[in-house]
Amino acid sequence: MKAKYIGLLFLTMVTGLTSCNDYLNIDPTDKTSDKLIWSSTDYAEMAINYFYSDIPYLGSYSDYQCLAGMTEGLTDEFKYSDMTYNSLMYIPNEISYGGSTLTVGYVDTYLGEWGGTYEEIRRVNEALNKLASSSFDATTKTRFEAELRFFRGMYYFELLKRYHQAILYDADLSQISTNKALSPEADCWKFVYDDLKFAGENLTVSKSPTGRLTSGAAYALMSRAMLYCQNWTAVKEASEKIFTMGYSLTDNYADAFKSDNSEDIFQYSYSSSDDVSHSFDTYYAPGGDKAIDGNNASGGYATPTQDMVEEYEYSGESGKTGKPDWSAWHSTTGTNDTPPYAELEPRFAATILYNGATWKEREIEPYIGGTDGWCTWKTDAQPAGRTTTGYYLRKLVDESHHFSKVQASTQPYIAFRLAEVYLNYAEACYRSGDATTALTYINKVRSRVNLAGWKNLTGDNLFAALRHERKVELAYEGLYYWDMRRWGLSTTAFTGIKRHGLKIEKNANGSFTYTYVTIDDQNLNYPTKLNRFPIPQTELNNNKDIEQFSEWK
């Protein structure tokens, strides 16, 4: 994956390919290249554009590439289906089952981002150092500094949400040392706050989500990052800045994931003609797209669980309220009753493909012998696109993408959108003791999908409502795993449980039998030590001023 924005001149100066821990090498081949880059605003923009390609690493379009797959696969929301021992298959299941497998080396390999992220921080600081001695006018220097500090804040945030501490480096390159201690956590978060605040104050205020970074993008990242350090004042500060910028929720929830919509604060754009694409559809499209539409891969690598389906409420139009009673479909001997899919709120159908749902002018057939098909976890060791849960992912998968024309995917990655900021703000208000405002912003999100607003909720009940809304509204956007982890709930929520699906059989008369099945052969297990990832052994070997976190010794 390479940044759409990188120009041909700058491409001649870089080599390599991005992956989870491998980054483009942008070291100039000689000092003349350095001088050339920082002598022209066009060339400097090309240099800064390099960092844009890391923005998708914030969410699902990154996670699909990485060795542990989408982080939802480590939770009750999503199930990876194959037993093949590689990424996007067995490894996410192996992590979710925990146990002795989760050694320092294993966690660093499949979940860690230490080395690659520090490499990017070094590159940002080198650019800031060169920028300071450039001859650009003050306005241009400030704009470039704001972009670079956005990225440095982004990289340090990614480190802190994993490791809680970091080694702080700035543009003073003389301070780089092999041996350097971790900075206190509070200092680290202040560093991130200062970088993102500077970016927010000095980037352009624009509602356009495409092109160069905006003030809205910086404040959106700030509103997210500050949740992790529980700086509720900063979350509210950043959110309130965004509220003045003119963004609005889309009328239709599904439209929030389309390019350049009213809710979209910043997106990373792809283009087939520029050979900038990704493979999300290849991995997560329904299994039937292989035979019908020519997907080169099987699709259906991971599918939503029945447990997630049961999070959705009745729609306002159904005349019913709350969540359906699914007990009739928890039968292990099967029922012919049709699940209440048609009665669920709009976010369900926009997120999950179910039996009979319309997809590319056909009906999804996730049943035994259907076009998309069903397979039993682990018994059928090669699902070949068949679902193990009775569902497929719809959200973020591009229905307009036809594999028969082109294999690569180009739907944009929506990095930040208004609904998330509303929920970030609601959480900060709740934590600050302002239940009224918290409910107001939760209900703004619910109102978009015609759900009745919550009333008179306080304390644990309000927190439960907030968690539910984040789980449903932000499903599969790469946030749920990290939310549960920062709330300290993963050790209980993801331990001692198994995930479930509906096995579907089509009967001779055209009806269906739905059977509740367990899709794990062992319990999920989230050990407490995963609340902070371990420092990789290579860092410990090379840095005498650092030692392993106590939970990993």
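Things to note:
- Of the residues making up region 56-74, those that are modelled with pLDDT of 85 or more and outside any loop (DSSP other than H, G, I, E, B) number 7.
- Scanning region 174-191 for residues that are part of a helix (DSSP H, G or I) and either small (Gly, Ala, Ser) or modelled with pLDDT of 95 or more (or both) returns SER174, GLU185, ALA186, ASP187, CYS188, TRP189, LYS190, PHE191.
- Checklist (1) of a type in the set (Gly, Ala, Ser); (2) in a helix (DSSP H, G or I); (3) open to solvent by 10 Å² or more (accessible area, probe 1.4 Å) applied to ALA438, failing item: (3)
- Whether a residue is without any contact (Cβ under 8 Å) to a residue 12 or more places away in the chain and either among the hydroxyl-bearing types (Ser, Thr, Tyr) or crowded, with 16+ Cβ neighbours inside 10 Å (or both) was assessed, and SER273 passes this test.
- Among all residues of region 330-344, there is at least one that is farther than 27 Å from LEU474 by Cα and in a strand (DSSP E or B).
- Flag: SER206 does not match the condition of being surrounded by fewer than 19 Cβ atoms within 10 Å (Cβ to Cβ) and farther than 24 Å from ILE265 by Cβ.
- Where a residue in region 493-520 is within 14 Å of CYS375 (Cα to Cα) and acidic (Asp, Glu) and its partner, wherever it lies, is modelled with pLDDT under 95 and buried (at least 18 other Cβ atoms within 10 Å of the Cβ), with Cβ under 9 Å and at least six apart: ASP520/ASN93; ASP520/TRP377
- Selected residue (only one of GLY246, GLY216, GLY211 is at pLDDT below 95 and open to solvent by less than 50 Å² (accessible area, probe 1.4 Å)): GLY211
- Residue within region 116-139 that is in a helix (DSSP H, G or I) and either in contact with a Ser or Thr (Cβ under 8 Å, 6 or more places away or on another chain) or farther than 29 Å from SER174 by Cβ (or both) present: no
- Test: SER96 is at pLDDT 95 or above, surrounded by 19 or more Cβ atoms within 10 Å (Cβ to Cβ) and out of contact with any Pro (no Cβ under 6 Å at 6 or more places or on another chain): yes
- The condition of being open to solvent by less than 10 Å² (accessible area, probe 1.4 Å) and either more than 30 Å from TYR52 (Cβ to Cβ) or at pLDDT 95 or above (or both) holds for LEU418.
- Odd one out for GLY16, checked against (1) touching a strand residue (DSSP E or B) at 6+ places or on another chain (Cβ under 7 Å); (2) open to solvent by 20 Å² or more (accessible area, probe 1.4 Å); (3) modelled with pLDDT of 90 or more: (3)
- Among residues that are open to solvent by less than 50 Å² (accessible area, probe 1.4 Å), hydroxyl-bearing (Ser, Thr, Tyr) and more than 23 Å from THR515 (Cβ to Cβ), SER318 is included.
- Checking each residue in region 528-551 for being under 26 Å from the mean Cα position of the chain (by Cα) and in a helix (DSSP H, G or I) picks out THR528, LYS529, LEU530, ASN531.
- Qualifying residue in region 501-516 (condition: open to solvent by less than 30 Å² (accessible area, probe 1.4 Å), part of a loop (DSSP other than H, G, I, E, B), touching a Phe, Trp or Tyr at 6+ places or on another chain (Cβ under 9 Å) and not acidic (Asp, Glu)): no
- The residues of region 117-157 that are closer than 30 Å to THR101 by Cβ and surrounded by fewer than 19 Cβ atoms within 10 Å (Cβ to Cβ), listed by number, are TYR118, GLU119.
The values are calculated or read from the model by the stated rules, or taken from the named source; none is laboratory data. Because the structure is a prediction, the values reported are computed rather than measured. Virtual Cβ from ideal backbone geometry, glycine too; neighbours counted across all protein chains shown. Just the protein is used for accessible areas: all its heavy atoms, side chains included, with ligands, DNA and RNA removed. Shrake-Rupley method; radii C 1.70, N 1.55, O 1.52, S 1.80 Å.
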